Amino acid sequence: MSPNILSALDASRLRAATWLLHGCLILSVLIGGAAMLLPIHSVFPGVLAFSATAIGYWAVRTGYKLYRLIVGQSAVAQAIALTAALSGTGWQIDAHMLFYVALAALVGLVDIRAILGAAGTVVLHHLSMGIFLPYLVFPSVNLLENIERVLF
(Lines give C-alpha, C1' and ligand atoms only; values in the text may rest on other atoms or scores of the structure.)
Protein backbone atom coordinates (compact mmCIF):
# COMPACT_ATOMS: atom_id res chain seq x y z
CA MET A 1 0.00 0.00 0.00
CA SER A 2 1.09 3.50 -0.67
CA PRO A 3 2.00 5.80 2.24
CA ASN A 4 -1.02 8.01 1.49
CA ILE A 5 -3.43 5.10 1.85
CA LEU A 6 -1.74 3.99 5.07
CA SER A 7 -1.88 7.46 6.60
CA ALA A 8 -5.58 7.78 5.64
CA LEU A 9 -6.26 4.37 7.21
CA ASP A 10 -4.41 5.33 10.39
CA ALA A 11 -6.33 8.62 10.60
CA SER A 12 -9.61 6.77 10.15
CA ARG A 13 -8.69 4.25 12.84
CA LEU A 14 -7.75 7.01 15.25
CA ARG A 15 -11.00 8.86 14.57
CA ALA A 16 -13.00 5.65 15.16
CA ALA A 17 -11.13 4.97 18.40
CA THR A 18 -11.82 8.49 19.62
CA TRP A 19 -15.54 8.25 18.84
CA LEU A 20 -15.74 4.84 20.52
CA LEU A 21 -14.15 6.26 23.64
CA HIS A 22 -16.53 9.23 23.67
CA GLY A 23 -19.37 6.71 23.63
CA CYS A 24 -17.68 4.75 26.42
CA LEU A 25 -17.47 7.91 28.50
CA ILE A 26 -21.19 8.58 28.12
CA LEU A 27 -21.95 4.97 28.98
CA SER A 28 -19.69 5.16 32.03
CA VAL A 29 -21.78 7.96 33.47
CA LEU A 30 -25.03 6.09 32.81
CA ILE A 31 -23.66 2.80 34.15
CA GLY A 32 -22.30 4.42 37.30
CA GLY A 33 -25.65 6.06 37.99
CA ALA A 34 -27.64 2.91 37.25
CA ALA A 35 -25.47 0.77 39.50
CA MET A 36 -26.02 3.12 42.42
CA LEU A 37 -29.78 3.48 41.91
CA LEU A 38 -30.74 -0.10 41.01
CA PRO A 39 -30.77 -3.24 43.19
CA ILE A 40 -27.04 -3.98 42.91
CA HIS A 41 -26.31 -0.63 44.64
CA SER A 42 -22.56 -0.87 44.02
CA VAL A 43 -19.81 1.41 42.78
CA PHE A 44 -18.01 -1.49 41.06
CA PRO A 45 -19.73 -1.29 37.64
CA GLY A 46 -19.14 2.48 37.46
CA VAL A 47 -15.51 2.14 38.54
CA LEU A 48 -14.96 -0.59 35.93
CA ALA A 49 -16.58 1.46 33.17
CA PHE A 50 -14.70 4.69 34.00
CA SER A 51 -11.36 2.90 34.49
CA ALA A 52 -11.59 1.08 31.17
CA THR A 53 -12.49 4.33 29.42
CA ALA A 54 -9.61 6.20 31.06
CA ILE A 55 -7.14 3.50 30.02
CA GLY A 56 -8.49 3.70 26.46
CA TYR A 57 -8.06 7.47 26.37
CA TRP A 58 -4.55 7.08 27.77
CA ALA A 59 -3.61 4.56 25.06
CA VAL A 60 -4.90 6.80 22.26
CA ARG A 61 -3.41 9.99 23.70
CA THR A 62 0.06 8.51 24.21
CA GLY A 63 0.07 6.83 20.81
CA TYR A 64 0.52 3.42 22.43
CA LYS A 65 1.21 0.87 19.70
CA LEU A 66 -1.71 -1.40 20.68
CA TYR A 67 -4.23 1.37 21.31
CA ARG A 68 -6.86 -0.27 19.08
CA LEU A 69 -6.72 -3.47 21.11
CA ILE A 70 -7.13 -1.46 24.33
CA VAL A 71 -10.03 0.55 22.91
CA GLY A 72 -11.70 -2.77 22.01
CA GLN A 73 -11.31 -3.95 25.58
CA SER A 74 -12.68 -0.61 26.83
CA ALA A 75 -15.80 -1.05 24.71
CA VAL A 76 -16.39 -4.58 25.97
CA ALA A 77 -15.84 -3.42 29.55
CA GLN A 78 -18.85 -1.12 29.14
CA ALA A 79 -21.04 -4.10 28.27
CA ILE A 80 -19.66 -6.07 31.21
CA ALA A 81 -20.29 -3.18 33.58
CA LEU A 82 -23.81 -2.53 32.27
CA THR A 83 -24.79 -6.17 32.63
CA ALA A 84 -23.51 -6.15 36.21
CA ALA A 85 -25.25 -2.84 36.98
CA LEU A 86 -28.57 -4.22 35.78
CA SER A 87 -28.33 -7.51 37.69
CA GLY A 88 -31.45 -8.19 39.66
CA THR A 89 -33.65 -6.29 37.20
CA GLY A 90 -35.68 -7.40 34.21
CA TRP A 91 -33.24 -5.49 31.98
CA GLN A 92 -30.20 -7.63 32.81
CA ILE A 93 -30.63 -10.04 29.92
CA ASP A 94 -31.30 -7.12 27.56
CA ALA A 95 -28.02 -5.50 28.60
CA HIS A 96 -26.26 -8.27 26.70
CA MET A 97 -27.20 -6.48 23.48
CA LEU A 98 -24.43 -4.01 24.26
CA PHE A 99 -21.88 -6.80 23.73
CA TYR A 100 -23.09 -7.14 20.13
CA VAL A 101 -23.13 -3.40 19.60
CA ALA A 102 -19.60 -3.05 20.99
CA LEU A 103 -18.23 -5.82 18.78
CA ALA A 104 -19.93 -4.36 15.71
CA ALA A 105 -18.59 -0.87 16.47
CA LEU A 106 -15.05 -2.22 16.62
CA VAL A 107 -15.18 -2.82 12.87
CA GLY A 108 -14.43 0.91 12.52
CA LEU A 109 -10.97 0.25 13.97
CA VAL A 110 -10.13 -1.97 10.97
CA ASP A 111 -8.06 -4.25 13.20
CA ILE A 112 -8.79 -7.96 13.42
CA ARG A 113 -6.73 -8.21 16.64
CA ALA A 114 -9.00 -5.71 18.38
CA ILE A 115 -12.15 -7.52 17.22
CA LEU A 116 -10.94 -11.03 18.08
CA GLY A 117 -9.45 -9.85 21.38
CA ALA A 118 -12.77 -8.28 22.37
CA ALA A 119 -14.72 -11.38 21.27
CA GLY A 120 -12.36 -13.55 23.32
CA THR A 121 -12.91 -11.33 26.35
CA VAL A 122 -16.69 -11.68 25.94
CA VAL A 123 -16.44 -15.48 25.89
CA LEU A 124 -14.02 -15.61 28.81
CA HIS A 125 -16.17 -13.18 30.82
CA HIS A 126 -19.38 -15.12 30.25
CA LEU A 127 -17.78 -18.47 30.97
CA SER A 128 -16.00 -17.39 34.15
CA MET A 129 -18.86 -15.28 35.51
CA GLY A 130 -21.40 -17.93 34.54
CA ILE A 131 -19.53 -20.32 36.84
CA PHE A 132 -18.37 -18.07 39.69
CA LEU A 133 -20.81 -15.12 39.86
CA PRO A 134 -23.76 -16.12 37.65
CA TYR A 135 -26.15 -13.50 39.01
CA LEU A 136 -23.96 -10.76 37.48
CA VAL A 137 -24.38 -12.22 33.99
CA PHE A 138 -27.49 -14.36 33.73
CA PRO A 139 -30.96 -14.26 35.27
CA SER A 140 -30.64 -17.90 36.39
CA VAL A 141 -27.99 -19.40 38.64
CA ASN A 142 -28.23 -22.93 37.26
CA LEU A 143 -24.63 -23.86 36.39
CA LEU A 144 -25.44 -26.27 33.56
CA GLU A 145 -27.90 -23.83 32.00
CA ASN A 146 -25.38 -20.99 32.17
CA ILE A 147 -22.62 -23.07 30.56
CA GLU A 148 -25.04 -24.08 27.80
CA ARG A 149 -25.84 -20.40 27.22
CA VAL A 150 -22.15 -19.53 26.89
CA LEU A 151 -21.44 -22.41 24.54
CA PHE A 152 -24.44 -21.45 22.43
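The values are calculated or read from the model by the stated rules, or taken from the named source; none is laboratory data. If you're wondering where the values come from, they're calculated on a predicted model, not measured in any experiment. Cβ atoms come from the backbone with ideal geometry, glycine included; neighbour counts cover every protein chain shown. Just so you know, the surface numbers come from the protein's heavy atoms only, side chains and all, with ligands and any DNA or RNA stripped out. Shrake-Rupley method; radii C 1.70, N 1.55, O 1.52, S 1.80 Å.
Quick notes on this one:
- Solvent-accessible surface of the chain, taken per residue with a 1.4 Å probe and all protein chains present: 56 Å².
- Volume per residue of the convex hull around the Cα atoms, evaluated for the range 1-90, comes out as 82 Å³.
- Gain on full stretching of the segment that runs from Y135 to I93 - 0.36 nm per residue minus C-alpha separation: 14.0 nm
- Using a simple spin-label model with pseudo-atoms 7 Å out from Cα toward Cβ, V107 and I26 lie 2.0 nm apart.
- Estimated inter-spin distance, E145 and T18, nm [label 7 Å along Cα→Cβ]: 4.7
- Inter-part distance where the range 1-37 and the range 78-113 are each reduced to a Cα centre, Å: 15
- Placing pseudo-labels 7 Å out from each Cα toward the beta carbon at T62 and F44 gives an inter-label distance of 2.7 nm.
- Apportionment of accessible area to carbon and sulfur, the range 38-152, percent (1.4 Å): 75
- Gaussian network model of the chain, springs between alpha carbon atoms under 10 Å - residue of L20, L37, L109 with greatest fluctuation: L37
- Loop-resident sites, the range 34-117, for trypsin sites (Lys or Arg not before Pro), counting at most 13 other Cβ within 10 Å (DSSP): K65
- Farthest positive-ward along the chain dipole, Cα basis, beta-carbon charges - from T62, A95, G117: T62
- Reference-scaled alpha-carbon Rg (2.2 N^0.38 Å with N residues) for the range 111-152: 1.25
- More than 21 Å apart - percent of Cα-Cα pairs taken over the chain: 45
- Net dipole in debye of the chain [+1 Lys, Arg Cβ; -1 Asp, Glu Cβ; about Cα centre; nearest 20]: 460
- Highest average packing first - 69-76, 40-47, Cβ atoms within 10 Å: 69-76, 40-47
- Its DSSP H runs of at least 4 residues, each contributing -39,500 (n - 2.57), put the calculated 222 nm mean residue ellipticity of the chain at -25500 deg cm²/dmol, to the nearest 500.
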